[in-house]
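Reviewing the structure listed below.
Values in this text are rule-based calculations from the coordinates and carry no lab data. Model, not experiment: these values are computed from the prediction. With ideal geometry, Cβ positions are generated from the backbone for all residues, glycine too; neighbour counts draw on all protein chains shown.
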Amino acid sequence: MADLSTNFVGIKSPNPFWLASAPPTDKEYNVRRAFEAGWGGVVWKTLGEEGPPIVNVNGPRYGVIHGADRRVLGINNIELITDRPLQTNLDEMARVKRDFPDRALIASIMVPCEEHAWKAILPRVEDTGCDGIELNFGCPHGMSERGMGSAVGQVPEYIQMVAEWCKAYTYLPVIVKLTPNITDIRYPARAAKRGGADAVSLINTISSITSVNLDTMSPEPSIDGKGSHGGYCGPAVKPIALNMVAEIARDDETRGLPISGIGGVTTWRDAAEFLSLGAGSVQVCTAAMVYGFGIIKEMTAGLSDWMDEKGYTSVSKVTGRAVPNVTDWQYLNLNFVTKARIDQDLCIKCGRCYAACEDTSHQAIAINPGRVFEVKDDECVACNLCIDVCPVEDCITMERLAPGTVDPRTGRRVEANYANWTTHPNNPMSKAAE
């Protein structure tokens, strides 16, 4: 059986699934139930400095995007960091860590961007016995307006500075949580590494407005007729998160920097994809909020079964396996020529492939008598839109043209050698080089 245990920058846990810093990790009651259900770790909801507690809104805090079947695709939230006293959180963290010593307990922290504030809170966090700290540089609402959260995460110099302070004032591993609300994720990741951070976690939520109530003309969630931007998370953000994780994993300056992957992890497959692109652990929030803590059983069982099937004996054997296959567009093989193929035995004659191709793509599917749909090779550019809209799995597939055959669309013989845009005769830079 595959070993799901992980050692992430010295933080050990029985499996790579951690609950992210969010409402599910707001208090001792929640975290105990999560650990009893089987979660490998939690990142405690973000702690603030000593003083009057944070004030959250008392009205709706969430906006939701639903799929056609009412499945939750994404959640927007306007909730802030913990609104309970700092000492209350610290006391609860100490009790939980005492009773669950084999689970990872990470303290998320957000205090003003002043050295004394970080120096003051770190020893108190250490006293809980927690395993590490996560610097919340991602929150895009409420706290960012106070010069914290994403306001720090969008400035690489601030990231480096605070990371250096934390490394100077604590012996605990330091994880920097990055905001996706930035043009190029590599720059804040590089800054975190320069500052001595042990790892990065990403992505935090995306600044967003999920919907507008067209009766009250107020963004939702609506508070007394007014709305505000919030942080968007859930399955809908997974593609963005995967790309950002991969960018850090393959960047020359950050390659090898440990990553905790966050963003729409709902199934074991989602977790495996994050791991394959360089993550050493994954964090979950929306899935737990929608389905409850018990979802961890499906996640761990599914990941274990898949690893056994593929022969991966440990999580570390999966981490980064797909990174070498992530490349820039200009290096994709232009001599890899494919055509769509429709399995007539599986086709239900719905016509969705035809409608999509005829109206919005390349008019490469014909309707023959009896509603038999066939691909016109002389028009097919292999965009695979037909596969994406087909409701029958494996009914339409892509078939590679063998080297030496002629592509009916271009009239050119398919070459066996690899060629990319950097050497293509239509590339003006290529011509300049010649």
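Some notes on this structure:
- If you plug the beta carbon distance of E164 and V55 into 1/(1 + (r/R0)^6) with R0 = 22 Å, you get a FRET efficiency near 0.10.
- Here S5 and D252 are evaluated by their C-beta separation; at R0 = 25 Å the FRET efficiency comes out at 0.25.
- Environment charge of I203, counting only residues whose C-beta is closer than 15 Å and scoring Lys/Arg +1, Asp/Glu -1: -2
- Computed from the Kirkwood radius of its Cα pairs, the Stokes-Einstein diffusion coefficient for segment 297-434 at 37 °C and 0.692 mPa s stands at 179 µm²/s.
- The chain: antiparallel DSSP beta bridges as a percent of all, rounded to 5: 50 percent
- Neighbour net charge for C380 - beta-carbon separation under 9 angstrom, K R +1, D E -1: 0
- Principal axis dimensions, largest first and in whole angstrom, of the chain by Cα: 74, 56, 48
- In terms of the mean number of neighbouring beta-carbon atoms within 10 Å, the peptides 350-356, 252-258 order highest first as 350-356, 252-258.
- The slack between D83 and D378, meaning 0.36 nm per residue of separation minus the straight C-alpha distance, is 99.9 nm.
- For segment 6-325, the dipole from Cβ point charges (+1 on Lys and Arg, -1 on Asp and Glu) about the Cα centre works out to 460 debye, to the nearest 20.
- Counting neighbouring Cβ atoms within 10 Å and putting the fewest first, the residues W165, W44 line up as W165, W44.
- Relative exposure of M161, M110, M429, judged by other C-beta atoms within 10 Å (fewest first): M429, M161, M110
- Label zone at Q344 (point 7 Å along Cα-to-Cβ), backbone N below 17 Å, segment 381-400: 395-397
- FRET efficiency estimate (nearest 0.05) - Cβ-Cβ, A416 to Q363, R0 41 angstrom: 0.85
- The charge dipole of segment 331-425, taken about its Cα centre with unit charges on the Cβ atoms of Lys, Arg (+1), Asp and Glu (-1) only, comes to about 180 debye.
- Percent of beta bridges antiparallel (DSSP, segment 238-385, rounded to nearest 5): 50 percent
- In terms of packing, defined here as the mean over residues of other Cβ atoms within 10 angstrom, the peptides 68-79, 24-35, 209-220 line up highest first as 24-35, 68-79, 209-220.
- Expressed per residue, the C-alpha convex hull volume of segment 215-293 stands at 126 Å³.
- Footprinting exposure proxy for T267, T286, T327 (fewest neighbouring C-beta atoms within 10 Å first): T327, T267, T286
- Kirkwood hydrodynamic radius computed over segment 242-336 comes to 14.3 Å, based on all pairs of distinct alpha carbons.
- For E28, net neighbour charge (Lys/Arg +1, Asp/Glu -1) across residues whose Cβ lies under 15 Å away: +4
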